[in-house]
Amino acid sequence: MGNAVLEVNELTTKYITRFGENIYAVDHVSLKVEEGKSLGIAGESGCGKSTLALSLMGYYFPPLYYTSGQIIIDGQNISGMDPDEVRKAILGKEIAYIPQSAMNALNPTQRIINFIEDVIEAHKPYATKKEIYDQAKSLFEVLGLPAEVLNKYPVELSGGMKQRTVIAISVILSPQILIADEPSSALDVTSQKMVIKMLRNLMDSGLIKSMIFITHELPLLYNVTDDIMVMYAGQIVEKAGAHEMVFTPIHPYSQGLMGSIMVPESGLRDKKLTAIPGVPPNLKNPPSGCRFAERCKYVMPECRVTSIPLRDAGGGRAYRCILPKEFLMEAYERERGER
Amino acid sequence: MNAGKKPCLSGRGVTKEFGFGRNKTVAVDGVDFDFYEGEIISIVGESGSGKTTLAKMLLGLINATEGDIFFQGKKRNIGSHRKKKEYWKSIQAIFQDPFSSYNTFNKIDSVLLDCIRMRGGGRLPREKKIELMTEACSFVNLKFEELTNKYPFELSGGQQQRLMIARIFLLKPQILLADEPTSMIDACSRTTILDTLMQLRDEIGMTPIFITHDIGLAYYVSDTVYIMERGKFVESGTADQVILNPKKPYTQRLINDVPKIYEEWDLSTV
Amino acid sequence: MKHTIRQVFRSGKFVVGFSIFMGILLIVTFYPLIIRDAPLKIIGQGTFFAPGIYVNVYDSMGSPHYTILLDDAAAKRIADKLDDDDRQAIKEWLVAAGISEDAIEIENTESLLDLWVNNFDPTTRIPGMTNADRNYYIRLNTALDGLLSTEGAIVASVNPETGALEEKGVIRQTDYVNVNQVPNVRVLPLGTDNFGRDVLTELVQATAVSLRIGIVAGLIATFIGLVLGLVSGYIGGLVDDVIMFITNLFIVIPSFVLLILISFSIGQEQRGAFTIAVVIGFTSWVWTARAVRSQVISLRNRDHVNLSKLSGHSIAHIIAFDILPYIASYVVMALILQISSGILAEAGLSILGLGPRTTDVPTLGLMMNWAMIYQAHILGKWWAYFPVIIVIALIAFSMNLMNTGLDQVFNPALRD
Ligand SMILES: Nc1ncnc2c1ncn2[C@@H]1O[C@H](COP(=O)(O)OP(=O)(O)OP(=O)(O)O)[C@@H](O)[C@H]1O
Ligand SMILES: Nc1ncnc2c1ncn2[C@@H]1O[C@H](COP(=O)(O)OP(=O)(O)OP(=O)(O)O)[C@@H](O)[C@H]1O
Ligand code: SF4
Ligand SMILES: [Mg+2]
Ligand SMILES: [Mg+2]
């Protein structure tokens, strides 16, 4: 077993809205990313994936607040650290983060090299422009990006190139771990593939030690990450290896997700994809029992009584449901057979 | 197969150029098309191939450099502001990037109220309006009570995108140009939302035009698929024809690049 | 919104700038409430009184006298009366009278006077001394005799009936008055100017007037620039061409030249402070217009504007609600810069003698102008111009600090 680059124990964070309500968008989440491994996170939109990413990095700026739990990055406990301190000491060097839709947020009036200068100068105030340029150029070469990009403006780049540039900028300080929030959702399949190749390349060449990848594109997750974690309403509902998760999901929600993957194959149009009716619970005051109960087809009265713990399912898997895994897996197989 | 159907949106030689001289980009290069009423259309292509630019021309948000656009069989005339307003009652859009689609200074309610007003419901009593908004939100798996009084940046990316789709349920346009409408929505809700959109189509005879990278989605929903490469339509036909038996190497490459789960995904091709 | 404001006040630069500016503003508001003098009132008969505390001599005779015995009082008094020229003259006489040069210490008043009292003899003839010189020395000796005497002075007044002098009292050398008991004491921290006006009071009002000129000019310039920039940027086409043509005209003719011409043609008597402010405002909107226009052009194709169009909003609505809020922070920064450059423009005009008419109110520029005309800088009367320069610099400095502070908050370089 490799040593853990990132370890999170029972992390809970909340948004305090303008009306003073607490929204627990990350609720007792534990996870561990080992050196050389990558973790994928999928889940309903609005279930707290982006918030989890921010929380992992100790990026607590209002309205996001830390509530409880531990975050250990590379042996250093950063929970409760001043966010400004975290920004200076951790971000970029230990953890790199690519926000959702980052490539559209690039300031259009700056050249790519200026962004890199900003990043490097924040950590090495005395670096000369020449040094920075050389460093950026060699990184771009390693990553297979043309060096001319450095002197271009964001608008001059195509979507795929822009996204790969954003990734390159974010790993310039060779962080331990890269968190990419939907880096591929706005890209065409070819660019997506290039981004994935680049991310794999980053891992293989040791530029980053591990990676967290957040996306809705399950086939992509399957191809990129070692493990997949499914979130629902602020909680982890299932953790498993990528292959197991995609082919033998246990939790009813993961089953729904995996059952609605659209792959362009001849059968697809006649297939009825799984659609789960209903709305996830309000994170302001979530139900005390299973959070998926409102939409679950196996729901029983017991489900709504107490909160459901994450159960170990063997083989490094865990799921949050009171039904036995055999029952759930069989039901899934049966349904798939029917369709 | 289109016998008896009327084209609701057609284009002849539609071209859009940006910039001059050395910086000139031809984003859309003389495309011809006939989108038939009630048909589900997908436009698929690499990024930068001009899909969004074409959509903006169809919406009348930018002017075509050359070529004509025909709306419901007649040459489109949206010269004045009043005519444009009338036009936008029948054609609506879902924009590509939800994070930049909202005015961050306005609350979510105002986005939806604008839609009600546009449909002539400006004078409805408040309860009725809330009822309409709640209904529209429920179509996209959102709860209006959770959204009311919030600002767009207080929602997740997917929630913003869903809200964009909720507008369509209030506006009920004849033509919908959906630019990557579900890129930030999970697979499961994606199916639900597409299904409800299809119901809306059946109810009001809307013509949805999907612009997407997601070839699986294009294949799943559409009747006709257009493949766009560098501003031109290189291939078009029924979904089965284009996606299962692509003729052009460009289309073949695109389909080959779709991430696979049942077979090995070959990363060496890019 | 609240959050942004909190962030703004976390920026060190902004806070420093803001505090300086607020300090100036507070002084400007509260000073006139305490010192109620008209700022342009001439109080001093004479020019350029040095900064200091002025005690009324007449009153000090009437107030209670206290005897305080201080050893060095006499020496100080004499030292004060003997200026450098006199000391030099004494030395020359003593040397000529045969005293060795080494024994004469010009700085040591006591020993110098000792030598003088012991050696001076008006009858001594010194070769080469003119009659005038001799008379000078005799006068000097009499004056020193008076000083050295320990007698007090008698104060007398004229009896209106008899016309005879009547003794009122004796002022002894050891008499003191308590300044607090003298009814008329005037502190002039910055002295008076060439007209004999209290510089501090004048400066405070000048600052207030200049700030008002800056604010009016800044508001006008920003308003014109904003409206033209918004319209030409958003509507584009012919409207844009026309507005840009006008803007370019204004750029070709530097606004300061235009300002001078307009100011000159209005004529001295018509130029009130407000007129000057308006003129400055109308000639300095150009760069705001251009900057706003380029911002608007980059905004008008954004999707949120497109969404607003698709929702059937009018052009006016879109400009007001979808464009303006996005450039509001930028406009605030432009306004701050316009205010500070308006103040500088007024100063520049007034120094050239083209500022507001001089009879109603002082402005920072007018104070500089007066100081220059009356050659305060040549005469070394620093208090007439130096504080003005400091105030102008402080205002410009604080506004620029605020601006950079705002800039850091509103346009952070790629956040992380
Ligand atoms: N306002 C503009 N000014 C200049 N060039 C533009 C502008 N808008 C688009 N382009 C260029 O036109 C081409 C087509 O862009 P468009 O946004 O239509 O592509 P797209 O197919 O929607 O791509 P994506 O999938 O990345 O959204 C690109 O090369 C782009 O750089
Ligand atoms: N600034 C905020 N203030 C209040 N609530 C917020 C804020 N930002 C997000 N939320 C809420 O927190 C929850 C989690 O949001 P988050 O952005 O983490 O979702 P997500 O899983 O990343 O979704 P997506 O896949 O759509 O990006 C959502 O319900 C959202 O409404
Ligand atoms: S606990 Fe009950 S409601 Fe929750 S997922 Fe399992 S069966 Fe469904
Ligand atoms: Mg997110
Ligand atoms: Mg696009």
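The values are calculated or read from the model by the stated rules, or taken from the named source; none is laboratory data. Please read all numbers here as calculations on a predicted model, not as lab measurements. In this analysis, Cβ positions are derived from the backbone assuming ideal geometry, glycine residues included, and neighbour counts consider all displayed protein chains.
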Study note, to complete from the structure: Exception for A:ILE322 within (1) farther than 26 Å from B:TRP265 by Cβ; (2) away from ligand 4 (no atom under 16 Å from the Cβ); (3) within 14 Å of chain B (Cβ to nearest Cβ); (4) not acidic (Asp, Glu) falls at (3)
Study note, to complete from the structure: Listed by first then second residue, the pairs whose first member lies in the stretch A:49-60 and is within 11 Å of chain B (Cβ to nearest Cβ), whose partner is away from ligand 3 (no atom under 16 Å from the Cβ) and in a helix (DSSP H, G or I), with beta carbons under 8 Å and at least 6 positions apart or on separate chains, are A:SER50/B:GLY157
Review point. Got a number for residues in the stretch B:28-60 being in contact with a helix residue (DSSP H, G or I) (Cβ under 8 Å, 6 or more places away or on another chain), near ligand 1 (Cβ under 8 Å from one of its atoms) and within 12 Å of chain A (Cβ to nearest Cβ)?
Key: 4
Exercise for review: Go through the stretch A:24-143 and tell me which helices (runs of 4 or more DSSP H), entirely inside it, have 3 or more residues that are in contact with a helix residue (DSSP H, G or I) (Cβ under 6 Å, 6 or more places away or on another chain).
Suggested key: A:112-123, A:129-142
Practice item. Return the residue satisfying two criteria in turn: it lies in the stretch B:93-118 and is crowded, with 16+ Cβ neighbours inside 10 Å and in a loop (DSSP other than H, G, I, E, B), and of such residues it is farthest from the other protein chains (Cβ to nearest Cβ). Key: B:LYS107
Review point. Of all the helices (runs of 4 or more DSSP H) wholly in the stretch A:164-252, which have at least 1 residues that are touching a residue at least 40 places away in the same chain (Cβ under 8 Å) and within 15 Å of ligand 2 (Cβ to nearest atom)?
Key: A:218-224
Point to revise | Lone qualifier among C:VAL296, C:VAL279 - being farther than 30 Å from B:ARG117 by Cβ, away from every other protein chain (no Cβ under 14 Å) and not basic (Lys, Arg) | key: C:VAL279
Review point. Does A:ILE261 meet the test of being out of contact with any strand residue (DSSP E or B) (no Cβ under 7 Å at 6 or more places or on another chain), part of a loop (DSSP other than H, G, I, E, B) and away from ligand 5 (no atom under 16 Å from the Cβ)?
Key: yes
Exercise for review: Look at the stretch C:268-313 and say how many of its residues are among the charged types (D, E, K, R), within 11 Å of C:PRO356 (Cβ to Cβ) and surrounded by 17 or more Cβ atoms within 10 Å (Cβ to Cβ).
Suggested key: 1
Revision key, fill the gap. Given (1) more than 8 Å from chain A (Cβ to nearest Cβ); (2) within 29 Å of B:GLU135 (Cα to Cα), B:LEU217 misses just (1)
Study note, to complete from the structure: Residue pairs qualifying under the 6 Å Cβ cut-off, at least six apart or on distinct chains, with the first in the stretch A:276-294 being part of a loop (DSSP other than H, G, I, E, B) and the second being hydrophobic (A, V, I, L, M, F, W, C) and modelled with pLDDT under 85, are A:ILE276/B:CYS188
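Yes/no matrix, rows are residues, columns are (1) more than 16 Å from ligand 1 (Cβ to nearest atom); (2) more than 12 Å from chain B (Cβ to nearest Cβ); (3) acidic (Asp, Glu); (4) out of contact with any Lys or Arg (no Cβ under 8 Å at 6 or more places or on another chain):
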residue	(1), (2), (3), (4)
A:ARG269	yes, no, no, yes
A:THR274	yes, no, no, yes
A:MET300	yes, yes, no, yes
A:LEU310	yes, yes, no, no
Check your understanding: Which of the residues that make up the stretch A:10-23 are within 14 Å of another protein chain (Cβ to nearest Cβ) and either within 16 Å of ligand 3 (Cβ to nearest atom) or touching a Ser or Thr at 6+ places or on another chain (Cβ under 7 Å) (or both)?
Key -> A:LYS14, A:ILE23
Point to revise | Subset of the stretch B:172-193 [assigned to a helix (DSSP H, G or I) and surrounded by fewer than 23 Cβ atoms within 10 Å (Cβ to Cβ)] | key: B:THR192, B:ILE193
Practice item. Go through the stretch C:167-194 and give me each residue that's surrounded by fewer than 17 Cβ atoms within 10 Å (Cβ to Cβ) and assigned to a loop (DSSP other than H, G, I, E, B). Key: C:ARG172, C:GLN173, C:THR174, C:ASN178, C:PRO183, C:ASN184, C:PRO189
Review point. Within the stretch A:321-328, is there a residue that is closer than 22 Å to A:ASP27 by Cβ, at pLDDT 90 or above and crowded, with 17+ Cβ neighbours inside 10 Å?
Key: yes
Practice item. Starting from the stretch A:138-159, take each residue that is over 17 Å from A:PRO183 (Cα atoms) and list its partners that are within 12 Å of ligand 1 (Cβ to nearest atom) and not aliphatic (A, V, I, L, M), counting only C-beta distances under 8 angstrom and pairs at least six apart or across chains. Key: A:TYR153/A:PRO108; A:VAL155/A:PRO108
Exercise for review: Test A:GLY92 against the stated conditions and say whether it is among the small types (Gly, Ala, Ser), without any contact (Cβ under 8 Å) to a residue 40 or more places away in the chain and farther than 20 Å from A:GLY160 by Cβ.
Suggested key: no
Practice item. Taking A:TYR65 as meeting all but one of (1) in contact with a Ser or Thr (Cβ under 8 Å, 6 or more places away or on another chain); (2) away from ligand 2 (no atom under 16 Å from the Cβ), write down the number of the exception. Key: (2)
Review point. What's the number of the condition B:ILE168 fails, among (1) assigned to a helix (DSSP H, G or I); (2) within 12 Å of chain A (Cβ to nearest Cβ)?
Key: (2)
Check your understanding: Listed residues B:ARG167, B:ARG162; which is within 16 Å of ligand 4 (Cβ to nearest atom) and crowded, with 22+ Cβ neighbours inside 10 Å?
Key -> B:ARG162
**Study point:** Filter result for the condition that a residue is under 25 Å from A:GLU217 (Cβ atoms), among the hydroxyl-bearing types (Ser, Thr, Tyr), within 14 Å of chain B (Cβ to nearest Cβ) and under 27 Å from the mean Cα position of the chain (by Cα), over A:SER170, A:SER185
**Key:** A:SER185
Study note, to complete from the structure: Note on A:SER205: of the conditions (1) more than 11 Å from chain B (Cβ to nearest Cβ); (2) closer than 23 Å to A:SER101 by Cβ, unmet is (2)
**Study point:** Evaluation of B:ASN149 against (1) without any contact (Cβ under 8 Å) to a residue 24 or more places away in the chain; (2) within 8 Å of chain A (Cβ to nearest Cβ) (one fails), failing number
**Key:** (1)
Practice item. Output the residue which, of all residues in the stretch A:1-48 that are of a type outside the set (Lys, Arg) and free of Cβ contacts under 8 Å to residues at least 40 places away in the same chain, is farthest from B:PHE153 (Cα to Cα). Key: A:MET1
Revision key, fill the gap. Note on A:GLU244: of the conditions (1) buried (at least 24 other Cβ atoms within 10 Å of the Cβ); (2) closer than 29 Å to A:MET211 by Cβ; (3) modelled with pLDDT of 90 or more, unmet is (1)
Check your understanding: Conditions: (1) within 16 Å of ligand 4 (Cβ to nearest atom); (2) at positive phi. A:ALA186 meets all but one. Number of the miss?
Key -> (2)
